[in-house]
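Below is one structure, written out as structure tokens; the observations come after it.
The values are calculated or read from the model by the stated rules, or taken from the named source; none is laboratory data. It should be emphasised that the depicted structure is a prediction, and the values quoted were computed from it without experimental measurement. Here Cβ is always computed from backbone atoms with ideal geometry, including for glycine, and neighbour counts include all displayed protein chains. These area figures cover heavy atoms from the full protein model, side chains too; ligands, DNA and RNA do not enter into them. Shrake-Rupley method; radii C 1.70, N 1.55, O 1.52, S 1.80 Å.
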Amino acid sequence: MTTLVERGPAPTAPPARLADELAGTWLLLRFMLRRDRVRLGVWTASVVGLWLYVAVEFTAMYAEPAARAERATLMRTPASVLMTGPGYGLDDYTIGAMCANEMVLWIVICLSVMSILEVVRHTRAEEESSRSELVRAAVVGRHAPAFAAMALVVVANLVIAALSALVLVTVGHLAVFDTVVMVGGSALTVLVFAAVAVVACQLTAHARGASGLAVGVLGLMALVRGAGDMRREHGSALSWASPIAWTQQTRAFVDVRAWPLVLPVVAVVVLVVVAVVLAGHRDFGAGMFADRRGRASAHQALRSPLALAWRQQRTALAWWTLGTVLMWLATGTYVKDVGPVLEDMVAQNPVIGQVIGEKDMTDAYVSLIMLYAALAAVGYGISAVLRARAEEAAGRTEYVLAGPVGRGRWLSAQLVVAGAGAGALMVAEGLALGTGAYLVGAHDPSLGTYALAAVVYLPAVAVVLGVAAALLGWMPRWTGASWAFLVLAFVVGMFGDAFHLPDAVQHVSPLRWVPRVPVEDVSWLPVAGLCVVAAVLFAGAFAGFRRRDIPVV
């Protein structure tokens, strides 16, 4: 005889304690710091060095009140408000107000990108590669990687803020409290976008998607801040919808107030709580957004290394193009009025003339902005070549080469997409600058001159990409060192003459050999020489890539 016994409800696991969920956080943080010590060191040196340059150059170039007044006139234009901030203290423009108005936005954007990449690198990228699964097999809590990544960016931003404040106070002789509010507020705003990245890592299953989503939010907030500040002097209600405005609204060095810094603290706490809740409702390795089902077989247009490389790079190129074209379109609106302002500045301070040139001020301004455009094109090109290195390090290149694809064919596809993208970006920037000038009625220089000024930079851009390709071919672990050429080109192009750098140092930069159109006439001999150097570097890259092991991890 069978007896039926009524069963009670299934036992449920006791709720996890917070200590269990965060177990191993300190150990992971130490590991992340050790793993990224060089990367974070470069970021720290770059940002602190930028503040050092700002403190020295602003003090030297705008020592006289008349020069600062001319600068304030330029900062009142709508384009300046869009690309800098609400413009506090323009009636009595001091060096401190100049730093707060003109630098905070770009420092926040720069450090936010760093923090987003760090968070994604140590959370979603690790989970996507399955390394996080091995780590969590030990005594490591569910939320430990995310909290360790947030702690990492907190430490990094605090160190950068402390060193930046030290430089500004000691070298720039700025007020201590205002300086601390400015750099501390910038760090808090950066942490907001780092927390956005933590949330993005819960939403999508791929590192590139998480990075793109977080950077997209950063770009949107920058546009919201700009639109809000343009609606009304010193910002409108729309401005306060962007975390970037919270730091700028502290009014450092004008009428400092610290209470807006409560907002980023609250935002970080809310975003971290949201990330924790989302992490508790998703499977490991998956995101809240389900992956879209792909085709059963690849489209015919994808059945080549060139098509695959284009598909991998097209999204990044689209965002680079959109961002730089909008920036240079706005910058072009300065062309009509910038000449007289710069002439007055040079009359007040000859040091400015050494930086931008002492000939026609409008042409000098255009040539200087074209140098910036070339640096942006070089930055994209290097990042595209590094994408090829990432494919190899991830092991995907090995699978591709296992099929009927030769090494030369694969590498040429990667370099063609990188080079064509950098070239198209350079030309688009030049045309955007000219279009912005034409929109405000500045027809000199002509649109064709802007296009020519962009085209003559293409061989120099190709040389830098050739260096990156040669490193990829011969010393793949050192491919990231190609960023040093970008830094060198910036320093030489901007301050080579003002700092009286030796010719041997200045001539190392490929961009130094480019004619400064429209200030100078085009000399095709150095342009041809750059083409030859680029061809030699690319040939060497192919020779090295055919001979070395793949992959080199």
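In table form, for the structure just shown:
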{"read-out": "Average accessible surface area per residue within the range 85-145, 1.4 Å rolling probe, Å²", "value": "36 Å²"}
{"read-out": "Burial ranking of peptide ranges 381-389, 402-410, 38-46, 103-111 (average Cβ count within 10 Å, highest at the top)", "value": "381-389, 103-111, 38-46, 402-410"}
{"read-out": "Helix 458-474 axis, angle to the chain major axis (alpha carbon atoms, nearest 10°)", "value": "40 degrees"}
{"read-out": "Size of the chain as Cα extents on the principal axes (Å, biggest first)", "value": "109, 62, 39"}
{"read-out": "Extension gain, residue 409 back to residue 543 (0.36 nm per residue minus Cα-Cα distance, nm)", "value": "47.0 nm"}
{"read-out": "Distance between modelled label sites at residue 424 and residue 270, nm, 7 Å Cα→Cβ extension", "value": "3.9 nm"}
{"read-out": "Share of alpha-carbon pairs per 5 Å distance bin for the range 28-184, given as whole %", "value": "1, 8, 16, 17, 15, 12, 9, 7, 6, 4, 2, 1, 0, 0"}
{"read-out": "Full-stretch length increase - residue 173, residue 314 - with 0.36 nm per residue and alpha-carbon distance subtracted", "value": "46.2 nm"}
{"read-out": "Contour excess over end-to-end distance, with Cα ends at residue 525 and residue 307 and 0.36 nm allotted per residue", "value": "75.0 nm"}
{"read-out": "Calculated FRET efficiency for the pair residue 17/residue 503, C-beta based, R₀ 51 Å, to 0.05", "value": "0.20"}
{"read-out": "Residue 277/residue 398 FRET efficiency (R0 41 Å; Cβ-Cβ; nearest 0.05)", "value": "0.55"}
{"read-out": "Solvent-accessible area, 1.4 Å probe, carbon plus sulfur percent, for the chain", "value": "66 percent"}
{"read-out": "The range 253-293 - accessible surface per residue (Å², probe 1.4 Å)", "value": "68 Å²"}
{"read-out": "Largest-first ellipsoid semi-axes for the range 430-498, taking √(5λ) over the Cα gyration tensor eigenvalues, angstrom", "value": "33, 15, 9"}
{"read-out": "Accessible area per residue, Å², the range 467-553 with all protein chains present, probe 1.4 Å", "value": "54 Å²"}
{"read-out": "11 Å cut-off, amide nitrogen to a point 7 angstrom out along residue 151 Cα→Cβ, residues in the range 110-145", "value": "144-145"}
{"read-out": "Gap separating the Cα centres of the range 169-234 and the range 77-136, nearest whole Å", "value": "5 Å"}
